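Undergrad: Before anything else, here's the structure in question.
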Amino acid sequence: MEIENKVVVVTGGSGGIGQALANTFINENAKVVILLDINFDHFELENNNLISKICDVTDEKELIRIIDEINLEFGLIDIFCSNAGILSLGNEQSSIDDWNKNWNLHVMSHVFAAKKLIPDMLKRRSGYFVNTSSAAGLLNHIDSVTYSTTKHAAIGFAEWIAITYGKRGIGVSILCPQAVETAMTKGRENEVSALDGMMKPEQVALDVIKAIKEGTFLISPHKQVLGYFQNKANNYSRWIGGMQKLRQKLKS
């Protein structure tokens, strides 16, 4: 899909990857980019075609209301980037509250957007989803069971949408970076996800644009991840063993 003159929505748009995506879409001459987030404190819009709207994307009714509002104001949504995310560290003792926050934001927000948007996209035989997962969704995050599990689920959902509707005009990309310089990773520069270096969100955004134009499903800005993913598939037990050793090394 080309970006020019498209109506684009980006969740988690008040900073980090979301803000970088928005600016890059504007540079690609999108008609309008609507940023959704739970707040926009200290956020300034730099372009008349950038619009911000407060929205809790884990609330299905609120998200539906905002999408209807966008459709009326700007036209039907062409590209929906479901990017909002959180990182809460913890093991199997993590609270139900942590599980629910991760599940609702990393999985159900994607589901709610797809439920609302796919019917109209099918009628037009056109539409695109970019769902942000993580390298942890392909591999794992040794410090967070909630993040790892829900990011795996996000990939499974994106795969299903691509398999089911990919021949009916709906494109899907799943974004799986390692560490990116955002508020989420501030102070975590020495954690395992940053071992291959931290990437600028602007570079990640360029990779997303390229994937949309080429219809690429997996976006892996950190190229090393593809090698790790292939190692995992080639010898799952050996990969688990390697991750166990890595965890022991980092925790010693």
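The values are calculated or read from the model by the stated rules, or taken from the named source; none is laboratory data. Note that the coordinates shown come from a computational prediction; the quantities given were computed from them, not determined experimentally. Positions of Cβ are backbone-derived with ideal geometry, glycine not excepted, and every protein chain shown enters the neighbour counts.
Yes/no per residue for (1) surrounded by 18 or more Cβ atoms within 10 Å (Cβ to Cβ); (2) in contact (Cβ under 8 Å) with a residue 60 or more places away in the chain; (3) part of a strand (DSSP E or B):
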position: T58; (1), (2), (3): yes, no, no
position: I64; (1), (2), (3): no, no, no
position: L76; (1), (2), (3): no, yes, no
position: C81; (1), (2), (3): yes, yes, yes
position: Q93; (1), (2), (3): no, no, no
position: H152; (1), (2), (3): yes, no, no
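Undergrad: Ok, one more. Within the range 218-244, count every residue that is assigned to a helix (DSSP H, G or I) and surrounded by 14 or more Cβ atoms within 10 Å (Cβ to Cβ). Quick ask: steps written out before the conclusion?
TA: Initial filter on the range 218-244 (assigned to a helix (DSSP H, G or I)): 224-234, 236-244.
If we keep only those that are surrounded by 14 or more Cβ atoms within 10 Å (Cβ to Cβ) too, we end up with 225-226, 228-229, 231-232, 239, 242-243.
Looking only at that region, the number is 9.
Undergrad: Output yes when any residue across the range 187-208 is among the β-branched types (V, I, T), at pLDDT below 95 and over 26 Å from G166 (Cα atoms), and no when none is.
TA: Taking every residue of the range 187-208 in turn, at least one turns out to be among the β-branched types (V, I, T), at pLDDT below 95 and over 26 Å from G166 (Cα atoms).
Undergrad: Okay, next question. Would you check which residues across the range 95-111 are closer than 29 Å to V33 by Cα and either within 14 Å of the chain's Cα centre (by Cα) or assigned to a loop (DSSP other than H, G, I, E, B) (or both) and list them?
TA: Answer for the range 95-111, where residues must be closer than 29 Å to V33 by Cα and either within 14 Å of the chain's Cα centre (by Cα) or assigned to a loop (DSSP other than H, G, I, E, B) (or both): N102, W103, N104, L105, H106, V107, M108, S109, H110, V111.
Undergrad: What do you reckon, is A136 touching a strand residue (DSSP E or B) at 6+ places or on another chain (Cβ under 6 Å), in a helix (DSSP H, G or I) and at negative phi?
TA: no
Undergrad: Mind checking which residues of the range 214-236 are among the hydroxyl-bearing types (S, T, Y) and touching a Cys at 6+ places or on another chain (Cβ under 7 Å)?
TA: Hit for the range 214-236 is S220, nothing else.
Undergrad: Also, quick follow-up: The conditions are (1) assigned to a helix (DSSP H, G or I); (2) of a type in the set (G, A, S); (3) touching a residue at least 12 places away in the same chain (Cβ under 8 Å), and G171 fails exactly one of them. Which is it?
TA: Of everything listed in (1) assigned to a helix (DSSP H, G or I); (2) of a type in the set (G, A, S); (3) touching a residue at least 12 places away in the same chain (Cβ under 8 Å), G171 misses just condition (1).
Undergrad: Now for a separate question. Restricting the range 2-13 to residues that are under 14 Å from the mean Cα position of the chain (by Cα) and outside any strand (DSSP E or B), which is surrounded by the most Cβ atoms within 10 Å (Cβ to Cβ)?
TA: G13
Undergrad: With the requirement that a residue be surrounded by fewer than 18 Cβ atoms within 10 Å (Cβ to Cβ), outside any helix (DSSP H, G or I) and not charged (D, E, K, R), what does the range 20-49 give you?
TA: N29, I38, N39, F40, H42, F43, L45, N47, N48, N49
Undergrad: Follow-up question, since we're still on this one. Does L117 meet the test of being in a helix (DSSP H, G or I), modelled with pLDDT of 95 or more and in contact with a Phe, Trp or Tyr (Cβ under 8 Å, 6 or more places away or on another chain)?
TA: For L117, the condition - in a helix (DSSP H, G or I), modelled with pLDDT of 95 or more and in contact with a Phe, Trp or Tyr (Cβ under 8 Å, 6 or more places away or on another chain) - is met.
Undergrad: Within the range 47-60, does at least one residue satisfy the condition of being under 16 Å from L35 (Cβ atoms) and basic (K, R)?
TA: The answer is yes, given that some residue of the range 47-60 is under 16 Å from L35 (Cβ atoms) and basic (K, R).
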